[in-house]
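The values are calculated or read from the model by the stated rules, or taken from the named source; none is laboratory data. Because the structure is a prediction, the values reported are computed rather than measured. In this analysis, Cβ positions are derived from the backbone assuming ideal geometry, glycine residues included, and neighbour counts consider all displayed protein chains.
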Amino acid sequence: MNKKLAVLTGATGGIGSAIAQQLAKAGWTLLLVGRNESMLSALRDELGPKHQFLVEDLRDEKAILAIASCAQQMGGADLLVNNAGVNQMLPFEHTPTDTIESQISINLIAPMRLTHSLLSQLKQQRGTVVNVGSAFGAIGYPMQSIYCASKFGLRGFSEALSRELDGEVQVKYFAPRATDTSINGDRIRQLNSALGNAMDKPQYVADEFMKLLGSTSRRRAVGFPEKLFARLNGVFPELVDSALIKQLKVIKAYFVTKETSL
Ligand SMILES: NC(=O)c1ccc[n+]([C@@H]2O[C@H](COP(=O)([O-])OP(=O)(O)OC[C@H]3O[C@@H](n4cnc5c(N)ncnc54)[C@H](OP(=O)(O)O)[C@@H]3O)[C@@H](O)[C@H]2O)c1
């Protein structure tokens, strides 16, 4: 276990840093990826000198090559955790084109590219990929159309690849629900509280992540009733249409403001 290398994107984020702590505790060597050098450096210092970090923007094709090359130099990746992600809750009509492209690029294209670049290493080590999706990778939610598109895509990618690479590389999909991290701005927090939606602590989400990693399961969703709702949406989407459309007035009250309806 001591020699095993995990490549973790979004390592400086709320969920990413909690996963980094858990993986390091379990004996993994980490290649931490993010954009904030001082945060990455502080995290590496906290975890110990055997770990390394790379400052990269995942929208850049060169970043993908740099990560694969660094992982190779560290002995080859046994685990890839595609955790980096962004979310901007906005009415679709008022979402700028560059925000659409950026969200799809970070949440969906980068995990695909990184998996592609690391695949020969992962195959060699009979390794694992965990793609961090969301409850919104199975439930289409108002004001989250781009985020949902990216996470539905990531779930489809994970499921197809998991079946394609059966016996070679384990591909898993992990779906947290709302979690207390900086991805959620004030308005999302206020909306969740108005709707009575629970918010998990990142440490709890990291515990759930470790359960998925240590199991033979291909997928794990966090939190009740969200995981039931996600399954229900797959079988009876009309029921979920009605439930969410009933909430639309409340949702719009938080997200259709003067600035978003300009
Ligand atoms: N928190 C939730 O409610 C929730 C719920 C379900 C699923 N998730 C998923 O969980 C994952 C982690 O989210 P989080 O809650 O921990 O969010 P977070 O605290 O905002 O962390 C996001 C991470 O992604 C990195 N990142 C963003 N854009 C990047 C880019 N262009 N290139 C490289 N790295 C980039 C950030 O690095 P920098 O800060 O350096 O940019 C940061 O490390 C995401 O995939 C998210 O969709 C979160």
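For segment 79-87, the criterion of being more than 15 Å from the ligand (Cβ to nearest atom) and either in contact with a helix residue (DSSP H, G or I) (Cβ under 8 Å, 6 or more places away or on another chain) or touching a residue at least 60 places away in the same chain (Cβ under 8 Å) (or both) is met by at least one residue.
In the set (1) within 15 Å of the ligand (Cβ to nearest atom); (2) farther than 23 Å from Gln22 by Cα, the condition left unmet by Val205 is number (2). As for segment 43-51, it holds at least one residue that is over 29 Å from Ala160 (Cβ atoms), under 21 Å from the mean Cα position of the chain (by Cα), within 13 Å of the ligand (Cβ to nearest atom) and at pLDDT 95 or above. Taken together, Glu159, Glu168 contain a single residue that is touching a residue at least 60 places away in the same chain (Cβ under 8 Å), under 30 Å from Gly127 (Cα atoms) and away from the ligand (no atom under 16 Å from the Cβ), which is Glu159. Within segment 119-129, the only residue that satisfies the criterion of being surrounded by fewer than 24 Cβ atoms within 10 Å (Cβ to Cβ) and either among the aliphatic types (A, V, I, L, M) or within 18 Å of Pro237 (Cβ to Cβ) (or both) is Leu119.
Look through segment 189-211, keep the residues that are surrounded by fewer than 20 Cβ atoms within 10 Å (Cβ to Cβ), within 22 Å of Phe152 (Cα to Cα) and among the aliphatic types (A, V, I, L, M), and return whichever of them is nearest to the chain's Cα centre (by Cα). Within segment 189-211, the match that is nearest to the chain's Cα centre (by Cα) is Met199.
Quick check on my filter: what residues within segment 60-76 are among the small types (Gly, Ala, Ser) and touching a residue at least 60 places away in the same chain (Cβ under 8 Å)? Matches in segment 60-76: Ala71, Gly75, Gly76. In the set Pro237, Pro225, only one residue is under 19 Å from Leu191 (Cβ atoms) and out of contact with any strand residue (DSSP E or B) (no Cβ under 6 Å at 6 or more places or on another chain); that residue is Pro225. Candidates in segment 129-151 are the residues that are near the ligand (Cβ under 9 Å from one of its atoms) and polar (S, T, N, Q); of these, the one that is nearest to Val205 (Cα to Cα) is Ser134.
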